[in-house]
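All of the numbers you see were taken from the coordinates with simple rules; none came from a lab. Just so it is clear, the model here is predicted, and its values are computed rather than measured. Glycine also receives a Cβ, built like all others from the backbone with ideal geometry; neighbour counts cover every protein chain displayed.
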Amino acid sequence: MSIDESARLEGLLGDPGRVPGRIPWEESAGRIGLELPADYRRLVDVYGSIQFGGDLSIWVPSGRTAHPGYPNGFEGFVHDTAEVAEELELAYEDDPDEIPHPVHPSDRRRVRDGR
């Protein structure tokens, strides 16, 4: 997504109504071996974690975890994303009509390893 497309999306979403916490993006490459895309970082910097229509969520790295003993920050973000991707992939395999689109990336290593 280009900066113009990001600005267009922000125009559609409107005022976020709050200022989300700062994410230390400069640490992502060293912590998880991945620099997250600029358009994602911009969206998160403006809106934080958001949900569209109860079906699509934009997750963010967080300094806290909902599960004691689980990692937080960038490591927790990768852990949680990989866990949900695996659950969605299994649900898709069990009932393709439940999730109308294949789960991507189908190679879960990409999510776990940041590749």
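Figures for the structure shown
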quantity	calculated
Most to least packed among 50-58, 16-24 [average Cβ atoms within 10 Å]	16-24, 50-58
HN-Hα J in Hz across segment 71-77 - Karplus 6.51, -1.76, 1.60, θ = phi - 60°, x for Gly and Pro	x, 10, x, 5, 5, x, 4
Other-chain or far-sequence residues with amide H under 5 Å of SER62's (modelled H)	GLY73, PHE77
Burial ranking of peptide ranges 30-39, 5-14 (average Cβ count within 10 Å, highest at the top)	30-39, 5-14
